[in-house]
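See below for the structure under consideration.
Every number here is computed from the coordinates shown, using simple stated rules; none is lab data. The structure displayed is predicted, hence computed values, not measured ones. So basically every Cβ, Gly included, is an ideal-geometry build from the backbone, and we count neighbours across all protein chains shown.
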């Protein structure tokens, strides 16, 4: 056994930028499907975003200690609503659409909270060092 096998391994490539690109593509695909009325396909695409953000969701959930509802619990409730047969009926399309919007908003919020989305610079910070 070589000594190098016992050392901790560090990735030579940081996946963060690639993940941001994948999420960008997912959001574009979801918007396109949603706008063309392909809501079930939009749901599947949002499931991809949920998978992409799953580690971040877990970290946020672990930090919740004040009894607030976790992201996982909120997503579970949304996913349960999306699975209800009544919401899949054509006449309930608006309801299904609104549930999809709730899911996308929650996932985008996660992306922003972990610094992989819309993050704004604190105006109190001074870049002059």
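A few comments on the model shown:
- Cα-based convex hull volume of region 15-113 per residue, rounded to whole Å³: 88
- Label-to-label distance, nm, for residues given as residue 77 and residue 108 (7 Å Cα→Cβ offset): 2.0
- Length added when fully stretched, residue 36-residue 65, from 0.36 nm per residue minus Cα-Cα: 6.4 nm
- Exposure proxy ranking, count of Cβ atoms within 10 Å, fewest first, for 110, 94: 94, 110
- Between residue 20 and residue 89, the FRET efficiency from the beta-carbon distance, with R0 = 30 Å, is close to 0.25.
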